[in-house]
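Asker: Structure provided below as structure tokens; questions to follow.
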Amino acid sequence: MRAIKFVVVGGGRIGYRHATVLRTLPNARLVAIVEIDVEKQVNLASEFQVPVFESIDALAKENLEIDVVNICTPNGLHILHALQALNLNCHVLCEKPLGVKAEQCQKLNAHKNRKNKQVFCVMQNRYSPPSAWLKEIVPLLGNIYQVYINCFWNRNEAYYTESNWKGSLDLDGGPLYTQFSHFVDTLLWLFGDAQLMEASFAKHQLQGVTQFEDTGNFSFKLKQGGEGQFNYTTAAYAKNLESSITIIAEKGNIQVGGQYMEKVLFCNIERYDFKSIPKTNAPNQYGQYSGSAANHQHVFENVIAHLNHMPAKLTTAEEGLKVVELIEAVYQIREEKYQNF
């Protein structure tokens with residue numbers, strides 16, 4: 001298996017995690033980092049012992065041998081930087097979400113097809129044992145009647161004021177993009193296309209700090225049959241409370257929950273005897289707050305396997321587009337009916 005050469009664009013918390021994990025993998029080579037902040041440039045160059053460039057344009061002038069560019073910049077810049085990476089004739093691995101506008105994501109997909117390159121999305125929750133188990137079990141449930149997803153997290157003022165993009169409509173977009181797109185992906189990955197029915201929003205905290213809601217919900221109908229509700233908040237007191245999915249179906253009921261959807265709480269399926277599943281990795285730690293499960297190594301390993309023409313499990317740009325399309329439809333209601341965030 002040949003080593004795959006990576007560049008990480010963005011030296012913030014998530015970019016730093018990408019670089020840290022990549023250098024632990026035997027078939028990955030971190031060859032450069034792109035970071036606009038001068039102080040971070042110095043620190044990253046010292047720690048990772050690779051060249052650090054101020055922009056993708058500056059990187060392009062060096063003619064480095066690169067296989068994959070990892071996009072770890074603010075949400076609203078993902079498409080711009082992914083397009084620039086494709087123009088280097090590289091594959092792209094984009095942190096969630098793929099973008100914050102479906103039209104831009106469509107243009108990215110068209111461009112990667114023209115360049116004969118691939119764009120993958122980071123949806124690392126798919127690799128958590130409960131998610132992998134759900135993917136295997138859902139087909140046993142027969143007709144799906146109802147699906148409920150609850151995501152009750154905490155993101156306080158310190159989280160939003162530590163950078164100049166978090167909390168903005170243009171670069172952040174809102175909780176469904178930044179915190180909960182993993183769980184929107186879970187919905188579509190498990191059950192297929194969903195049609196938005198209704199949505200509502202509220203803002204309980206951080207007036208004047210963010211430009212969007214901290215709480216909301218939307219109802220949906222599944223194309224394959226069944227309906228459901230997605231409830232979320234970033235206003236839970238002090239720390240993350242719950243990430244869960246409940247499925248009511250023809251041949252069984254399932255509930256997977258905990259803080260990060262990391263354990264099976266209930267399983268009653270016709271002619272199925274639940275035993276156990278492997279332990280879920282601990283959540284990513286970002287200083288004062290926690291994120292989803294620490295599964296980035298699985299994402300990178302599957303990209304490496306795929307580019308070595310081996311079997312791999314990946315999230316495609318087309319799947320990433322579907323997540324953006326559903327969130328954008330939800331937020332279209334926010335734009336039309338809620339003006340005072």
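Asker: Return the residues of segment 78-103 that are farther than 25 Å from A28 by Cα and touching a residue at least 60 places away in the same chain (Cβ under 8 Å); say none if nothing qualifies.
Answerer: Residues satisfying the conditions are G99, V100, K101, A102.
Asker: Quick check on this structure: which one of L314, L326, L307 is of a type outside the set (K, R), at pLDDT 95 or above and either assigned by TED's automatic domain parsing to the domain that holds H182 or surrounded by 22 or more Cβ atoms within 10 Å (Cβ to Cβ) (or both)?
Answerer: Every option except L326 fails the conditions.
Asker: Across segment 1-22, what is the number of residues that are over 18 Å from V42 (Cα atoms) and either small (G, A, S) or free of Cβ contacts under 8 Å to residues at least 60 places away in the same chain (or both)?
Answerer: Number of matching residues: 1.
Asker: Could you say which residue among F191, F220, F230 is among the aromatic types (F, W, Y) and more than 14 Å from I144 (Cβ to Cβ)?
Answerer: Only one candidate qualifies: F230.
Asker: Name the residue that is modelled with the lowest pLDDT, counting only residues in segment 267-285 that are closer than 12 Å to P130 by Cα and of a type in the set (V, I, T).
Answerer: Filtering first and then ranking leaves T280.
Asker: Tell me, please, whether a residue that is of a type in the set (A, V, I, L, M, F, W, C) and free of Cβ contacts under 8 Å to residues at least 60 places away in the same chain can be found in segment 104-113.
Answerer: Looking through segment 104-113, at least one residue is of a type in the set (A, V, I, L, M, F, W, C) and free of Cβ contacts under 8 Å to residues at least 60 places away in the same chain.
Asker: Next question, about the same structure. If you take the residues of segment 268-283 that are among the polar types (S, T, N, Q) and free of Cβ contacts under 8 Å to residues at least 40 places away in the same chain, which of them is surrounded by the most Cβ atoms within 10 Å (Cβ to Cβ)?
Answerer: My answer is N268.
Asker: Sticking with this structure for a sec: Would you mind stating whether C94 is part of a helix (DSSP H, G or I) and not assigned by TED's automatic domain parsing to the domain that holds G174?
Answerer: So C94 does not fit the description; no.
Asker: Can you tell me which residues in segment 219-247 are in a strand (DSSP E or B), more than 19 Å from the chain's Cα centre (by Cα) and closer than 22 Å to L190 by Cβ?
Answerer: Across segment 219-247, the qualifying residues are S219, F220, K221, L222, E227, G228, Q229, T246, I247.
Asker: Only one of (1) crowded, with 18+ Cβ neighbours inside 10 Å; (2) touching a helix residue (DSSP H, G or I) at 6+ places or on another chain (Cβ under 9 Å); (3) under 18 Å from I137 (Cβ atoms) fails for T246. Which number is that?
Answerer: Evaluating T246 over (1) crowded, with 18+ Cβ neighbours inside 10 Å; (2) touching a helix residue (DSSP H, G or I) at 6+ places or on another chain (Cβ under 9 Å); (3) under 18 Å from I137 (Cβ atoms) leaves (2) as the failure.
Asker: Another one. Only one residue in F183, F212 is outside the structural domain of C72 (by TED's automatic domain parsing), outside any strand (DSSP E or B) and within 19 Å of K239 (Cβ to Cβ). Which one?
Answerer: F183
Asker: Which of the residues that make up segment 228-243 are surrounded by 16 or more Cβ atoms within 10 Å (Cβ to Cβ) and among the charged types (D, E, K, R)?
Answerer: Within segment 228-243, just E242 meets the criteria.
Asker: Which is modelled with pLDDT of 95 or more, of a type in the set (S, T, N, Q) and crowded, with 21+ Cβ neighbours inside 10 Å, of N113, N75?
Answerer: Among N113, N75, only N75 is modelled with pLDDT of 95 or more, of a type in the set (S, T, N, Q) and crowded, with 21+ Cβ neighbours inside 10 Å.
Asker: Looking at this structure, is A158 surrounded by fewer than 19 Cβ atoms within 10 Å (Cβ to Cβ), within 21 Å of F274 (Cα to Cα) and not hydroxyl-bearing (S, T, Y)?
Answerer: no
Asker: Still on this structure, I have one more. Select, from Q106, Q118, the only residue that is in contact with a Leu (Cβ under 7 Å, 6 or more places away or on another chain) and more than 21 Å from I245 (Cα to Cα).
Answerer: Going through Q106, Q118 in turn, the sole match is Q106.
Asker: Would you mind telling me which numbered condition in (1) touching a Phe, Trp or Tyr at 6+ places or on another chain (Cβ under 8 Å); (2) free of Cβ contacts under 8 Å to residues at least 24 places away in the same chain; (3) over 21 Å from A102 (Cα atoms); (4) not aromatic (F, W, Y) G208 fails?
Answerer: (1)
The values are calculated or read from the model by the stated rules, or taken from the named source; none is laboratory data. On a predicted model such as this, the values are computed, not experimentally measured, just so you know. Backbone-built Cβ (ideal geometry, glycine too); neighbour counts: all protein chains shown.
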